[in-house]
């Protein structure tokens, strides 16, 4: 808890000279100093919004052209699957119930 207080004051730059000496003597100080240096040296990569938009739009157009035939094909396959299922279900029902000999 005490170190959190020093860290907060150090980041706000409100440490007294005595507190500063105590905090600089702590083992966490070197870690925080290195972390602050790394953060300040961090450089985000260049990002061009217009180029990325063009790339995404061309990818979207290529993908929609490529899969435009896939949707009707899948619909036909689903319909065929249902028809075959109903046919075999009816056939099995006919075999089980229709061809049974009923004795009087």
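Quick notes on this one:
- Fully extending the segment from residue 95 to residue 8, taken as 0.36 nm per residue of separation minus the present Cα-Cα distance, adds 23.1 nm.
- Annotation for residue 69 and residue 57: the two label points, set 7 Å from Cα along the Cα-Cβ direction, are 2.7 nm apart.
- Calculated from the alpha-carbon coordinates, segment 2-41 shows an Rg and a Dmax of 10.0, 29 Å respectively.
- Taking each DSSP H run with n ≥ 4 as -39500 (n - 2.57) and averaging over every residue of the chain yields -24500 deg cm²/dmol at 222 nm.
- Orientation-averaged projected area, Cα convex hull of the chain (nm²): 19.6
Quick note: the coordinates plus some simple rules give every number you see, no bench work behind them. Since the model is a prediction, treat every value here as computed from it, not as a measurement. Cβ coordinates were reconstructed from backbone atoms using ideal geometry, including for glycine residues, and neighbour counts include every protein chain displayed.
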